[in-house]
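Undergrad: Sharing a structure here in structure tokens format.
The values are calculated or read from the model by the stated rules, or taken from the named source; none is laboratory data. Computed from a prediction, not measured in an experiment: that's the story for all the values here. Cβ placement follows ideal geometry from the backbone for every residue including glycine, while neighbour counts extend to all protein chains displayed. Heads up: the accessible areas ignore ligands, DNA and RNA and are worked out on the full protein's heavy atoms, side chains in. Shrake-Rupley method; radii C 1.70, N 1.55, O 1.52, S 1.80 Å.
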Amino acid sequence: MSAPPVKQKELPRSQYDLNTYWGRVQHAAGLCDPRMAFASRARLQEAKQLVSSYRHGHIPTITPDVWAAKLLLDSTLHPDTGEPVFLPFRMSCYALSNLVVNAGMLTPGLSRNGIIFWQIMNQSLNVAINNANANKSSPLPYSTIAKSYIAAVSRVLSRLTPFAAVTSASALNVLLMRSDEVRQGIHIYPLRSQHSEPEESIQPLGKSQRAAWIAVSETAVSRILNAAPVMVIPPLVLLRIERLALLRTYPFLLLPVNLGLIFSTSLMVLPLAIAVFPQRQVVDVGKLEPEFWHRAGHEEQVEFNRGV
């Protein structure tokens with residue numbers, strides 16, 4: 001007779017309290033750390049082995065190395081598919097990927113054609129990031145991606161004021177790119193406690209359109225909260241520091257200073273914006289379709305991956 005399978009231990013979702021905003025900020029800061037983007041395949045494999053060793057009981061307690069390994073996996077792998085997110089579109093690479101287009105859009109004296117070009121580049125990047133980090137319960141067909149891309153760019157080109165275009169289009173891009181989630185619904189799951197079975201073994205209760213709308217709308221709001229400070233803070237700071245004698249003497253330094261301001265602002269703001277809403281969202285089952293009211297059993301809440 002074969003021995004029964006050994007029950008695996010499950011890691012908590014974070015070393016921080018994700019029920020608080022500050023805890024989510026600390027967690028998001030780790031996920032958005034650009035150093036995570038440069039981990040090698042060998043380092044990623046080591047992280048998988050370390051987490052697996054803990055789950056199988058070979059490591060009795062959660063050490064700092066186990067937390068670091070889990071953070072690397074969380075910042076690299078998509079939570080729905082378990083596959084690596086394409087490098088330029090990971091949250092750890094977000095500030096770097098957006099640096100070029102943000103710098104282009106904030107270039108002083110930009111012509112109308114220049115604004116159009118950089119807005120198209122910005123929306124192209126947003127489409128890729130939103131698609132790569134969306135909930136994967138309802139995969140997006142390429143035809144829908146193309147239609148959403150054209151609609152988002154067309155909307156932006158009708159409003160060429162950089163601030164208004166960037167902030168509104170950031171939200172619009174999410175709503176358009178993830179519209180299939182709202183139409184088809186996304187998987188919802190029973191509420192998992194910290195000590196329950198491994199997350200990957202839990203079966204979904206079904207697909208909910210109401211949960212999808214919550215996920216998409218919250219992500220759209222977080223995009224606005226992320227885009228607005230990057231469009232406002234660097235120009236205001238640059239306006240003050242360009243009066244310095246050094247920059248008046250060496251005006252060519254304005255561009256690298258501007259780039260540095262954009263990059264540092266993006267690094268600081270991104271975790272604050274992402275953490276406004278939990279990535280693994282928990283909702284009362286009564287807020288979803290009636291068909292789920294009894295599927296959740298005695299639980300009054302369910303959860304789903306909001307996406308980022």
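Undergrad: Scan the stretch 101-116 for residues that are among the aliphatic types (A, V, I, L, M), closer than 18 Å to ASN258 by Cβ and assigned to a helix (DSSP H, G or I) and jot them down.
TA: Keep residues of the stretch 101-116 that are among the aliphatic types (A, V, I, L, M), which gives 101, 103, 105-106, 110, 115-116.
Keeping just the survivors that are closer than 18 Å to ASN258 by Cβ gives 101, 103, 105-106, 110, 115.
Once the filter is applied, which keeps residues that are among the aliphatic types (A, V, I, L, M), closer than 18 Å to ASN258 by Cβ and assigned to a helix (DSSP H, G or I), the stretch 101-116 yields VAL101, ALA103, MET105, ILE115.
Undergrad: Taking THR167 as the residue in question, decide whether it is within 27 Å of GLU303 (Cβ to Cβ), in a helix (DSSP H, G or I) and either touching a Leu at 6+ places or on another chain (Cβ under 9 Å) or modelled with pLDDT under 80 (or both). First the steps, then the outcome.
TA: Working: within 27 Å of GLU303 (Cβ to Cβ): no; in a helix (DSSP H, G or I): yes; either touching a Leu at 6+ places or on another chain (Cβ under 9 Å) or modelled with pLDDT under 80 (or both): yes.
Against the criterion (within 27 Å of GLU303 (Cβ to Cβ), in a helix (DSSP H, G or I) and either touching a Leu at 6+ places or on another chain (Cβ under 9 Å) or modelled with pLDDT under 80 (or both)), THR167 does not qualify.
Undergrad: Next up: State all residues of the stretch 277-286 that are touching a residue at least 24 places away in the same chain (Cβ under 8 Å) and either surrounded by 16 or more Cβ atoms within 10 Å (Cβ to Cβ) or more than 22 Å from the chain's Cα centre (by Cα) (or both); if no residue qualifies, say none. Working first, answer last.
TA: Of the residues in the stretch 277-286, the ones touching a residue at least 24 places away in the same chain (Cβ under 8 Å) are 277-283.
Correct list: PHE277, PRO278, GLN279, GLN281, VAL283.
Undergrad: If you check PHE277, PHE252, PHE292, PHE263, which single one turns out to be of a type outside the set (D, E, K, R) and touching a Lys or Arg at 6+ places or on another chain (Cβ under 8 Å)?
TA: The conditions single out PHE277.
Undergrad: Is there any pair linking a residue in the stretch 91-112 that is closer than 17 Å to LEU272 by Cα to one that is not in a helix (DSSP H, G or I), with Cβ under 8 Å and at least six apart or on different chains, and which?
TA: Here the result reads MET91/CYS32; MET91/ASN133; MET91/VAL308; SER92/CYS32; SER92/ASP33; TYR94/CYS32; ALA95/CYS32, each pair linking the stretch 91-112 to a residue that is not in a helix (DSSP H, G or I).
Undergrad: Of the conditions (1) under 18 Å from SER217 (Cα atoms); (2) modelled with pLDDT of 80 or more; (3) not charged (D, E, K, R), MET121 fails just one. Which one is it?
TA: For MET121, the failing item is (1).
Undergrad: Here is a further query. Filtering the stretch 95-118 down to residues that are open to solvent by less than 20 Å² (accessible area, probe 1.4 Å) and not hydrophobic (A, V, I, L, M, F, W, C), which residue is modelled with the lowest pLDDT? Break it down into steps so the answer makes sense when it comes.
TA: At the first step, the residues of the stretch 95-118 found to be open to solvent by less than 20 Å² (accessible area, probe 1.4 Å) are 95, 98, 101-105, 114.
Filter again for not hydrophobic (A, V, I, L, M, F, W, C), leaving 98, 102, 104, 114.
Values: ASN98: 85, ASN102: 72, GLY104: 77, GLY114: 83.
Only one residue fits best here, namely ASN102.
Undergrad: Here are some residues: ALA47, ALA28. Which one is surrounded by 19 or more Cβ atoms within 10 Å (Cβ to Cβ), under 17 Å from ALA95 (Cβ atoms) and at pLDDT 90 or above? Give the steps one after another, and end with the answer.
TA: Working: ALA47 fails: under 17 Å from ALA95 (Cβ atoms).
On inspection, the qualifying residue turns out to be ALA28.
Undergrad: If a residue counts only when it is of a type in the set (Phe, Trp, Tyr), which strands (runs of 3 or more DSSP E) contained entirely in the stretch 205-308 have at least 1 such residues? Let's see the steps before the verdict.
TA: Values: elements: 206-208, 280-284, 301-305.
The strands (runs of 3 or more DSSP E) meeting that bar are 301-305.
Undergrad: State which residue is most open to solvent (accessible area, probe 1.4 Å) when the search covers only the stretch 225-265 and only residues that are at pLDDT 85 or above and of a type in the set (S, T, N, Q).
TA: SER264
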